[in-house]
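Right, one structure below, let's go through it.
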């Protein structure tokens with residue numbers, strides 16, 4: 001027992017999410033001290049190193065209004081007010097992310113909390129955005145929304161399909177009539193598909209197979225760039241993937257379909273999964 005209590009924290013070298021998840025008492029106790037001594041400072045504690053850190057927040061922090069969970073990558077993906085009154089508590093991986101992103105400047109490490117082996121474990125950091133950050137993020141947003149193009153055999157035609165960048169499989173997997181295969185967007189939410197038919201095609205029903213995330217699906221039909229009709233369906237969370245059917249009251253002769261799948265509980269940067277698109 002003595003050996004476990006004294007030396008146990010050094011038996012393992014991984015103190016993060018996949019290992020010991022060390023630091024609950026040390027991090028939150030120090031955050032509490034800073035928040036009380038500096039009421040003008042808001043302390044944001046990274047959640048990347050532990051499961052359920054909100055439980056630790058509730059346990060160690062006595063409802064202080066200026067201590068919250070918050071990750072620096074949220075500030076890198078979307079512009080948020082950022083000044084020296086924000087103090088981030090982060091891991092080495094988070095600190096590396098700051099420098100790699102090239103979106104922050106005047107990075108000041110005010111103090112650290114060591115791991116049991118003596119290495120730096122947590123960093124208390126103040127920082128600012130680089131000049132022109134809103135333009136940088138606008139350019140990134142435009143790049144996320146840019147669509148790639150591929151021609152796919154469908155409905156006895158060679159149909160042009162536009163879609164966002166993917167990080168899982170390729171676009172043909174949602175038109176292969178196999179609901180066990182899927183695609184996933186690299187970071188675009190919503191997932192937008194634009195199908196352009198070389199010849200007018202009659203469409204009466206579109207069925208999508210989506211995952212369990214709360215989702216809104218919208219399908220818009222066009223003929224010669226004129227909007228004919230739009231259908232939408234929204235579903236809440238589920239434990240399994242499910243079919244979302246959208247049916248026009250009467251068949252439409254279309255030359256373009258736009259399909260949008262939005263994860264309603266996620267931000268603009270998110271993985272959107274789609275298993276299948278059936279057009280009848």
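Points to keep in mind about this one:
- Condition met for residue 61 (closer than 30 Å to residue 138 by Cβ, in contact with a helix residue (DSSP H, G or I) (Cβ under 6 Å, 6 or more places away or on another chain), surrounded by 13 or more Cβ atoms within 10 Å (Cβ to Cβ) and modelled with pLDDT of 90 or more): no
- Taken over the range 269-280, residues that are surrounded by fewer than 16 Cβ atoms within 10 Å (Cβ to Cβ) and either without any contact (Cβ under 8 Å) to a residue 40 or more places away in the chain or under 21 Å from the mean Cα position of the chain (by Cα) (or both) amount to 0.
- Residue list for the range 121-170, filter: under 19 Å from residue 203 (Cβ atoms) and either in contact (Cβ under 8 Å) with a residue 24 or more places away in the chain or not in a strand (DSSP E or B) (or both): 154, 155, 156, 157, 158, 159, 160, 161, 162, 163
- Taking the range 234-267 as the range and being under 26 Å from the mean Cα position of the chain (by Cα), more than 19 Å from residue 161 (Cα to Cα) and surrounded by 15 or more Cβ atoms within 10 Å (Cβ to Cβ) as the test, the residues that pass are 235, 241, 244, 263, 266.
- Residue check: residue 112 meets all listed conditions (1) within 30 Å of residue 50 (Cβ to Cβ); (2) in contact with a strand residue (DSSP E or B) (Cβ under 6 Å, 6 or more places away or on another chain); (3) at pLDDT below 95 but one, namely (3).
- The strands (runs of 3 or more DSSP E) found entirely in the range 14-120 include none that carry 3 or more residues being over 24 Å from residue 189 (Cβ atoms) and not assigned by TED's automatic domain parsing to the domain that holds residue 131.
- Test for residue 252: is it in contact (Cβ under 8 Å) with a residue 40 or more places away in the chain and farther than 22 Å from residue 172 by Cα: yes
- Of all residues in the range 30-51, those being loosely packed, with under 11 Cβ neighbours inside 10 Å and closer than 16 Å to residue 16 by Cα number 1.
- Cβ-Cβ under 7 Å pairs, at least 6 apart or on other chains, the range 20-44 side farther than 29 Å from residue 10 by Cβ, far side in a helix (DSSP H, G or I): 41/34; 41/35
The values are calculated or read from the model by the stated rules, or taken from the named source; none is laboratory data. Source: prediction; values computed, not measured. Cβ atoms come from the backbone with ideal geometry, glycine included; neighbour counts cover every protein chain shown.
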